[in-house]
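We did not get these values from a lab; they are worked out from the coordinates using the rules stated. Because the structure is predicted, anything quoted here is derived from the model rather than measured. Methodologically, a virtual Cβ is constructed for each residue, glycine included, from the backbone with ideal geometry; neighbour enumeration extends over all protein chains shown.
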Amino acid sequence: MKISITSLLVNNQEKAIKFYTDILGFQIKTDIPFGEHKWITVVSKEQQQGVELLLEPISFQPAEIYQQALYEAGIPCTTFQVMSLDYEYERLKDLNVEFKIIPTIMGNIKMAILDDTCGNWIQLVEII
């Protein structure tokens, strides 16, 4: 058994597509119209056959409540590993990405938390 797709609730699917591709640099793997939304997944350019991230539109109230509760509590909904957090932080800051936590060393990792503009905090980590 392996993980092939994991989902991320987004409050604006079109905005999420732009953020995750244009800003974070992922690429679209699957793009299928699905009613008023899309079944759209993105993957890392570094691991095109790796785990797909489904940008799942919030389509029912319990999901919206869950997403808002995590955001208000400041809890990241997922984590992405990077080779150099300092590099990514500067690159993303130059693209006007808002950070809740700037790069901080915690044990054997360096981490930062950013706002994906779609209702989520995203944690970036570098193993040091």
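Given the conditions (1) buried (at least 18 other Cβ atoms within 10 Å of the Cβ); (2) under 11 Å from the mean Cα position of the chain (by Cα); (3) without any contact (Cβ under 8 Å) to a residue 40 or more places away in the chain, which single one is not true for T21? Of the numbered conditions (1) buried (at least 18 other Cβ atoms within 10 Å of the Cβ); (2) under 11 Å from the mean Cα position of the chain (by Cα); (3) without any contact (Cβ under 8 Å) to a residue 40 or more places away in the chain, the odd one out for T21 is (1).
Could you tell me whether any residue of region 89-107 is surrounded by fewer than 16 Cβ atoms within 10 Å (Cβ to Cβ) and over 27 Å from I127 (Cα atoms)? No: region 89-107 contains no residue that is surrounded by fewer than 16 Cβ atoms within 10 Å (Cβ to Cβ) and over 27 Å from I127 (Cα atoms).
Going through region 22-65 one residue at a time, which ones are of a type in the set (A, V, I, L, M) and closer than 14 Å to S4 by Cβ?
V42, V43, V51, L53, L54
All of S59, S44 fail the test of being within 14 Å of the chain's Cα centre (by Cα) and of a type in the set (G, A, S), apart from S44.
Once region 116-128 is narrowed to residues that are in contact (Cβ under 8 Å) with a residue 40 or more places away in the chain and either assigned to a helix (DSSP H, G or I) or of a type in the set (A, V, I, L, M) (or both), the residue that is nearest to V10 (Cα to Cα) is I122. Quick one: which of I58, I32 is crowded, with 17+ Cβ neighbours inside 10 Å and not hydroxyl-bearing (S, T, Y)? Selected residue: I58, the only one of I58, I32 that is crowded, with 17+ Cβ neighbours inside 10 Å and not hydroxyl-bearing (S, T, Y).
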